[in-house]
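Notes follow the structure.
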Amino acid sequence: MKRSIQARFVAYSFVLPALVLFGTMIAYPLIIGVLYSFTDWTGIIDSFNFVGIKNYLRLFKDNTFYLAIGNTFYITAVTVVFQNLLGLLLAIAMMSKRIKAKGFLKTTFFLPSLLSAVVVCYMWMYILNVHVGLLGWFLRLANVDRVTKYDMLIKRWPALTIIAFILVWQFSGYDMTIYISGLESIPTDLYEAADLDGVSKYQKFFHITLPLIMPSITVNIFINLIGCLKIFEQVYILTKGGPGVSTTTIGVFIYNSALSANQYGYATAISTILFILVLIVTFLQVKVTRSREVEL
Amino acid sequence: MKEMKRENTGDVAETVLCVIMAIIIILPLCYVVIVSVSDQKALNKNLLSCFVSFHPENYVKAWTKGRIPRFIINTAIICVMTDALVIAMGSMFAFATRAYKCFKEINMFYYIVMTGMFVPIQTIVLPLFKLIKSMGLLNKPLGLAFVYAGTNLPLSMMMFAGFYKSIPMDLIDASSIDGCTPYRSFLSIVFPLTKTIVCTVVILTSLNIWRDMFIPLMLTTDIKARTIAYGLMSFVNEFSLDWTTMCAAMVMVTIPIIILYLSLQEYFESGALAGAIK
Amino acid sequence: MKKLVVVCVLSLVMGLVFANGTKEETSTPKKKVVVTWYSTDPEPVKTIQAFNSTHDGIEIVYELISTDNFFTTLNTRISAGECPDLFPYRTTDNYEKLIAMGQILDLSDYDFLKEINDAPKTMNKAKDGRIYAFPLGADYLNMFYNKTLLKSLGYKAPKNFQEYMKICEAVKTQGVAPLVSGCKDIWQNRYVCVDPLQGVAAKNPAWLSDLYGRKASFTDPVMLDYFNRIEDFVKKGYLYDGSLGLTMSEAWQIFASGKAAFQLGASFYVAQAFPQADCSFELGCCPMPVNDEGESQVVELHANMKVACVNKKSNHVDASLEVLKWLSNSENYMNLCDDWKLIVPVNKKADYSRLSKWASLWSDFSKYKNIPRAIEPSTISAEFGQVIQNIIMGNYTGAQAAEALQTAYENKK
C-alpha cells in the first residue's frame with residue numbers, strides 16, 4: 001500500500017479503537033499500579049508516601065516470595081509437561097483409524113475445559129476430602145488405619161502435585177484440540193513416502209510429525225505458561241496458599257498482601273515482578289520453539 | 001509379521017489411553033450429577049445414599065437461591081457485548097498489521113497490545129475499579145464488557161492475524177484498484193472470509209467470561225450485576241457447605257456453555273487450525 | 001437442521017430465563033433509597049423483610065461476604081468510594097484511620113444507644129472515647145464440650161488451664177481426640193489449645209494497647225508463654241489429627257459426631273454451625289480456660305463483628321440512621337438477635353431468651369469477669385494464623401512462632 005499520509009491515517013483508524021480500549025483498560029491501570037509500587041499505599045486510606053524502591057528491597061528479602069516462586073515454577077513445569085504430553089498422545093490417538101466414536105471422544109475430552117475453575121476445584125476438593133468425601137469413604141471401607149494421613153491438600157508437595165493434576169485434567173482436551181488441528185495439516189503423502197522408505201514408527205514421529213507440529217507446540221506451551229505462572233483461583237480455592245504459606249503461589253501472594261493485609265504498594269511491586277517474569281519466560285520459550293519450526 | 005505386531009501394540013495402547021482418559025473425565029462429572037439429585041443430610045451420614053433417593057428439588061432450590069436466571073442473563077449480555085467489541089477491534093487491528101505492514105509502528109502497537117496477555121489481574125483491579133466508577137459504568141454490563149474486551153483482545157488479535165497471513169495481498173490490492181476504500185474492502189471482502197475465526201473467538205471469549213469469578217467479585221458492588229461463576233459461590237460459606245444444591249447449580253451453569261460449544265464445534269476446530277497455527 | 005434445533009433450544013432457555021428474571025424487577029416500581037448492609041453473618045431474612053415492608057421509602061439490601069474475603073472486599077470498596085451504608089469493622093488501627101478520614105459516623109450522641117448495655121457499647125470505643133459502632137447483639141468467645149463424655153469420665157467443665165490439660169489427657173486415653181478446630185481457615189487457628197490473645201488480655205489488660213503502640217512485643221514472656229502452651233498441646237497430640245485440612249463446618253461435624261470432646265468458638269456458632277441433628281450427646285458450654293489455677297475465670301465478650309458502623313460519606317445517612325433507630329426498638333432488636341442467635345444486651349441485663357433452647361448454656365456467665373475482645377493488629381492477622389499453622393505442622397517451636405510473628409509485624413509498618 002502507498003506510504004502516503006492518507007494511507008497512514010487509514011491504518012491508524014483501523015488500530016485506534018483497539019488501542020484506546022487497551023490503553024484505558026490495561027495500560028493505564030498497569031502504569032498506575034507500577035507507580036503505586038513505589039509508595040506505601042495501603043489500598044484503603046487516602047494518603048500515601050513515596051518510598052522509592054523500598055517495597056522491592058523488602059520483597060527480595062522476603063522468604064515467602066522465593067517460596068511462592070518455587071511453588072509457581074513447580075506447578076507450571078509439571079502442568080505444562082504433562083498437559084502437552086497427554087494432549088499430544090490423545091491427538092495422535094484421535095488420528096488413528098482404529099478408534100471409533102471420535103466425535104464423542106473429542107467432545108468428552110474437551111468438556112472439562114468448559115467448566116469454571118470454581119466448579120472443577122470444588123468437585124475435586126470434595127472427591128479428595130478424607131473426612132466427608134469420596135476418598136475418605138473408600139479409605140474407611142478399606143479399613144485404613146489413619147485416614148487423615150491421606151489428606152493430600154495439607155502437605156506441600158502432594159498439594160502442589162494435586163493442583164497440577166487438576167489443571168492437567170481440565171485442560172488436556174484443550175491442548176488436544178490444537179494438536180489435532182496441527183496434525184491434520186500434515187500431508188499424508190509424507191508418511192506414505194516414509195513408509196516406502198521403510199522408516200520405523202518412532203522415526204516417523206520424531207523426524208516428520210514433531211518438526212511439523214512445532215507451531216502447535218509453540219502456541220500450546222505459550223498459552224499454558226501464561227495461565228500457569230499467573231495461577232490464582234485454583235490454588236486459593238484448594239488450599240488458600242496454606243497451611244502456613246507452604247503452597248502459596250505468586251498470584252495468591254499478591255492477593256493476600258494486597259487485598260487482605262492492606263499493603264497495596266507491596267502487592268503491586270510483586271505483580272510488576274510477576275509481569276516481568278512472565279514476559280521473560282514466554283519470550284525465551286517462543287524463541288526456542290520458533291527456531292525449531294519447519295516450514296513445509 | 002514383526003511390523004504388524006508392533007503396529008497392533010501401538011493401536012492397543014492408543015485405545016487403552018482413550019478409554020482411561022474418558023473414564024477419568026466422565027466419572028467425576030457423573031459424580032457431580034448424581035450428587036446433585038441427592039439429599040445433603042443423608043449424604044453426610046452415608047455416601048451411598050445418593051443412589052437411594054432422588055431429589056430433583058435441589059435444582060429448584062439452586063435456581064432460586066443461587067439467583068441463576070439473573071446471573072445467566074447478566075453473563076449472556078456481557079458475553080454478547082464483549083464478543084462484538086473483541087471481534088470488531090481484533091479483526092480491524094489484525095487487518096491493519098497485514099495490509100499496512102509497511103508502517104513499522106503498526107507492528108510495534110501489535111506487540112504492545114500482546115503484552116496485555118501477561119498482566120496479572122490482581123495488579124490492575126484496584127485502579128480499574130476507580131476508573132470504571134469514574135466512567136459511571138459501575139454495576140453495568142457495559143463496564144464489565146469493556147474490561148473483558150481489554151483482557152481478551154490480545155487473544156482475538158492473535159487469531160485474526162494468524163488467519164489473515166494466509167490471505168493473499170492481491171485480493172486486497174485488486175479491490176483497491178477497483179475503487180474500494182480500504183474500509184469497504186475490509187468489510188465486504190476480507191472479513192466475510194473469517195467466519196471460522198469469528199466462531200473460535202466467540203467460544204474462547206465467552207468461555208473466559210463464563211468461567212471468571214474474580215473480575216465480577218472485585219469490580220461490582222451490586223450482587224444483581226454479577227455473573228454466573230459468582231452464583232456458585234453463594235452456596236459456600238464458612239457455616240455450611242451445601243454440596244448437593246451447589247452441584248445442581250454447577251450442572252445448570254455448565255449446560256448453556258456446552259450448548260454453545262456443540263453448536264459451534266466444527267468452526268472451532270477449523271478455526272483453531274487456521275488461526276493458532278499459522 | 002441441527003443449527004435450527006440448537007437455535008430453538010437456546011431461545012426457549014433464554015425465554016424461560018428472561019421471564020423468570022424480569023419478574024424480580026417489576027416487583028419494585030417505586031424509587032427507593034437503598035441502604036446497603038454488608039456483613040459476615042447469614043442474612044437476617046425476617047428482620048429485613050419486617051423493615052422493608054413497614055418502610056415505604058427505604059429498602060435494605062444485604063450482602064453476606066465470608067470472613068475470608070470480607071476485609072479484602074470491603075477495603076476495595078472503601079478505597080474506591082463505594083463504601084456500603086452499614087458495615088461491621090474491627091477495632092484495629094485501620095478503624096482509627098477510617099475515623100480520622102471521616103468515613104464512619106460518630107454515634108455516641110444518638111438516643112438509640114441509650115438502652116444498650118455498657119459492655120458491648122464500649123467494646124468498639126475508639127481512642128477518643130466516642131462510640132462509632134452500634135452493637136447488634138452480644139456473644140461470648142467460649143468453649144463447647146461433650147458433657148456426656150466428660151461426665152462418664154468423672155469430670156465437670158474445666159475451671160482452669162491445668163484442669164483442662166488433665167481432662168484432655170483422660171479423653172485422649174479413651175481414644176477420643178480432645179480438641180478439633182477448622183484450621184484450614186486461617187483465623188480459626190487461634191482456637192487451637194486456647195486463644196493466646198484472650199489469655200494475655202486476661203492476665204495483662206494493658207499489653208494489647210502496648211502492642212499497638214509498639215511498646216510490647218510478641219516475644220514478651222506473657223505472650224511467649226501462650227505460644228509455648230500451644231506447642232505443648234500439639235506435641236501431646238491433643239489436637240484432632242488432620243485439623244489442618246478441616247473447614248470450620250467440617251470441624252463442627254466432627255465435634256457433633258463425638259469424635260472430639262472440645263470445640264472453641266463464639267456462642268452464636270451453636271445455632272449457625274452446630275449440626276444439631278447429628279448430635280447424640282448433651283452439649284455443655286464454659287469459659288475458655290485461659291486462666292491458671294488460682295486465677296479467676298474470664299469470659300471474652302466477642303461480638304465486635306456484630307456491629308454496624310454508619311458510612312458518613314454516604315448520600316443517605318438519614319436512611320441508615322433510620323434503620324438503626326428501628327433496630328434499637330426492643331422488639332426489632334430481639335428479632336435480630338433471634339435471627340442471629342445472639343444474646344440481647346439491653347436494659348442492663350443480658351437476655352438469653354433468643355437463644356431459646358440454648359439459653360441454659362450461658363445462664364451463669366454473668367458471674368465471670370467480662371473482658372472486651374482482644375484483636376491482633378490488622379496487618380498481621382493472616383500471619384497470626386499462619387505461625388500457629390506452622391506450630392501444628394511442627395515447623396516452629398513456640399519461641400520461633402513468636403519471633404516470626406514479631407518480625408512480620410515490624411516489617412509491615
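The values are calculated or read from the model by the stated rules, or taken from the named source; none is laboratory data. Owing to the predicted nature of the structure, the values given are computational and were not obtained by experimental measurement. Here the Cβ positions follow ideal geometry from the backbone for every residue, glycine too, while neighbour counts run over all protein chains shown.
Taking A:Leu67 as the residue in question, decide whether it is touching a helix residue (DSSP H, G or I) at 6+ places or on another chain (Cβ under 8 Å) and surrounded by 18 or more Cβ atoms within 10 Å (Cβ to Cβ).
Answer is no for this residue.
Report yes if some residue within the range A:159-169 is in contact with a Ser or Thr (Cβ under 6 Å, 6 or more places away or on another chain) and within 14 Å of chain C (Cβ to nearest Cβ); otherwise report no.
Yes, the conditions are met somewhere in the range A:159-169.
Which is small (Gly, Ala, Ser) and at pLDDT 75 or above, of C:Ala350, C:Ala374, C:Ala359?
Going through C:Ala350, C:Ala374, C:Ala359 in turn, the sole match is C:Ala374.
Output the residues belonging to the range A:170-203 that are away from chain B (no Cβ under 14 Å) and closer than 24 Å to A:Phe73 by Cα.
Residues satisfying the conditions do not exist here.
Examine the range C:234-249 for a residue that is away from chain A (no Cβ under 14 Å), buried (at least 20 other Cβ atoms within 10 Å of the Cβ) and at pLDDT 85 or above, and state whether such a residue exists.
Checked the range C:234-249: at least one residue is away from chain A (no Cβ under 14 Å), buried (at least 20 other Cβ atoms within 10 Å of the Cβ) and at pLDDT 85 or above.
Suppose we filter the range C:358-413 for residues that are assigned to a loop (DSSP other than H, G, I, E, B), surrounded by fewer than 20 Cβ atoms within 10 Å (Cβ to Cβ) and among the acidic types (Asp, Glu); how many remain?
Going through the range C:358-413 one residue at a time, the tally reaches 1.
When the range A:181-234 is examined, which residues are found to be over 30 Å from A:Ala117 (Cβ atoms) and hydroxyl-bearing (Ser, Thr, Tyr)?
A:Ser185, A:Thr188, A:Tyr191, A:Ser200, A:Tyr202, A:Thr209
A quick yes/no check of all residues on (1) touching a Leu at 6+ places or on another chain (Cβ under 6 Å); (2) within 9 Å of another protein chain (Cβ to nearest Cβ):
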{"position": "A:Tyr66", "(1), (2)": "no, no"}
{"position": "A:Ile69", "(1), (2)": "no, no"}
{"position": "A:Val78", "(1), (2)": "no, no"}
{"position": "A:Phe82", "(1), (2)": "no, no"}
{"position": "A:Ala91", "(1), (2)": "yes, no"}
{"position": "A:Ala101", "(1), (2)": "no, no"}
{"position": "A:Lys106", "(1), (2)": "no, yes"}
{"position": "A:Ala117", "(1), (2)": "no, yes"}
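Does A:Ser116 satisfy being among the small types (Gly, Ala, Ser) and within 30 Å of C:Glu82 (Cβ to Cβ)?
So A:Ser116 fits the description; yes.
Which of the residues that make up the range C:159-198 are assigned to a helix (DSSP H, G or I), within 14 Å of chain B (Cβ to nearest Cβ) and buried (at least 24 other Cβ atoms within 10 Å of the Cβ)?
Listed by number, the residues that qualify are C:Ile186, C:Asn189, C:Tyr191.
Could you grab me the full set of residues in the range B:219-228 that are surrounded by 20 or more Cβ atoms within 10 Å (Cβ to Cβ) and within 11 Å of another protein chain (Cβ to nearest Cβ)?
Within the range B:219-228, B:Leu219, B:Thr220, B:Thr221, B:Arg226, B:Thr227, B:Ile228 qualify.
State all residues of the range C:312-328 that are free of Cβ contacts under 8 Å to residues at least 12 places away in the same chain and among the polar types (S, T, N, Q); if no residue qualifies, say none.
C:Asn315
With in contact (Cβ under 8 Å) with a residue 60 or more places away in the chain and facing chain A (nearest Cβ under 10 Å) as the only criterion, which of C:Phe71, C:Phe87 stands out?
C:Phe71
If C:Val299 satisfies all but one of (1) in a helix (DSSP H, G or I); (2) among the aliphatic types (A, V, I, L, M); (3) over 22 Å from C:Ile65 (Cβ atoms), what's the number of the condition it fails?
Going through (1) in a helix (DSSP H, G or I); (2) among the aliphatic types (A, V, I, L, M); (3) over 22 Å from C:Ile65 (Cβ atoms) one by one, C:Val299 breaks only (1).
Take C:Lys121 and decide whether it is surrounded by fewer than 24 Cβ atoms within 10 Å (Cβ to Cβ) and part of a helix (DSSP H, G or I).
yes
Consider B:Thr64 carefully, then state whether it is more than 30 Å from A:Val10 (Cα to Cα) and polar (S, T, N, Q).
Answer is yes for this residue.
Being at pLDDT below 70, within 14 Å of chain A (Cβ to nearest Cβ) and surrounded by fewer than 17 Cβ atoms within 10 Å (Cβ to Cβ) is the requirement here; does C:Lys2 meet it?
yes
Of the residues in the range C:234-277, how many are part of a loop (DSSP other than H, G, I, E, B) and under 16 Å from B:Asp242 (Cα atoms)?
5
Might you let me know whether the range A:176-193 holds any residue that is at pLDDT 85 or above, crowded, with 21+ Cβ neighbours inside 10 Å and of a type in the set (Phe, Trp, Tyr)?
Looking for residues that are at pLDDT 85 or above, crowded, with 21+ Cβ neighbours inside 10 Å and of a type in the set (Phe, Trp, Tyr), one finds at least one in the range A:176-193, hence yes.
Among the residues of the range B:158-205, how many are of a type in the set (A, V, I, L, M) and more than 30 Å from B:Ile259 (Cα to Cα)?
Going through the range B:158-205 one residue at a time, the tally reaches 7.
Filtering the range C:199-213 down to residues that are aliphatic (A, V, I, L, M) and surrounded by fewer than 21 Cβ atoms within 10 Å (Cβ to Cβ), which residue is modelled with the highest pLDDT?
Checking each candidate, the answer is C:Ala206.
Kindly indicate whether any position in the range B:204-225 is in contact with a Gly (Cβ under 9 Å, 6 or more places away or on another chain) and outside any helix (DSSP H, G or I).
yes
Check off (1) in the same structural domain as C:Cys286 (by TED's automatic domain parsing); (2) modelled with pLDDT under 90; (3) charged (D, E, K, R) for C:Glu403 and give me the number that stays unchecked.
(2)
With A:Ala7, A:Ala91 as the choices, which residue is surrounded by fewer than 18 Cβ atoms within 10 Å (Cβ to Cβ) and not polar (S, T, N, Q)?
Sole residue among the options that is surrounded by fewer than 18 Cβ atoms within 10 Å (Cβ to Cβ) and not polar (S, T, N, Q): A:Ala7.
Would you check if C:Ser280 is outside any strand (DSSP E or B), in contact with a strand residue (DSSP E or B) (Cβ under 6 Å, 6 or more places away or on another chain) and modelled with pLDDT under 85?
no
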